[in-house]
Amino acid sequence: METSKLQLLLADDDEDDCLFFKQALSELSVATSLTTVHDGEQLMQLLTKKTGMLPSVLFLDLNMPRKNGFECLAEINQDDTLRQLPVVILSTSFDEAMTNRLYKNGVHYCIKKPNEFVKLKRVLQQIITLIVDTDFARPVAESFVLEADS
């Protein structure tokens, strides 16, 4: 995959988390372009515009107003074009039932939101490396949840 500038899309209603994410990205060695939306309605409006270019990856928060991450995933999976979009879920916690559901819905990775800046940078670097090195192939279910501590 071309690494000149990765097009990233972040859907998260928490302004502080968005700023944290943007700042962490800016400190990585890979050039990125970040677009943010703050609810599921905005996300789906952006994704369904027929502009032709999908982002390199969508970082999706599950708990958003107007339309949550699960509802957005369902809509993404119903669209042949959007279904090709790599999705990384951001959440404060995951249980086994939730991760199984997300994996079955085609999500590429789940990231447990770290509460420390250095940990966020580490996990974002890990995801970006996976995007660049593997062309974002889906992992096996056992490697599906990434934590900043690992």
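The values are calculated or read from the model by the stated rules, or taken from the named source; none is laboratory data. In this text, all values refer to a predicted model and were calculated from it rather than measured experimentally. Here Cβ is always computed from backbone atoms with ideal geometry, including for glycine, and neighbour counts include all displayed protein chains. To get the accessible areas, we keep the full protein, side chains included, count just its heavy atoms, and leave off ligands, DNA and RNA. Shrake-Rupley method; radii C 1.70, N 1.55, O 1.52, S 1.80 Å.
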Original post:
Any idea what the dipole of the chain comes to, in debye rounded to 20, about its Cα centre with Lys/Arg Cβ at +1 and Asp/Glu Cβ at -1?
Top reply: 340
Original post:
Carbon and sulfur: what percent of the chain's accessible surface (1.4 Å probe)?
Top reply: 46
Original post:
When only DSSP loop residues count, what chymotrypsin sites (Phe, Trp or Tyr not before Pro) in region 1-77 have their Cβ near at most 15 other Cβ atoms within 10 Å?
Top reply: none
**OP:** Bin width 10 Å, alpha-carbon pairs only: give the P(r) of the chain as whole percents, running from 0 to the bin holding the largest distance.
**Re:** 11, 45, 39, 5
Subject >> Lysine pairs meeting the criterion (Cα under 18 Å, 8 or more apart or interchain), as found in the chain >> reply: 9
Subject >> Whole-number accessible area per residue in Å² for the chain, which is evaluated in the context of all protein chains at 1.4 Å >> reply: 53
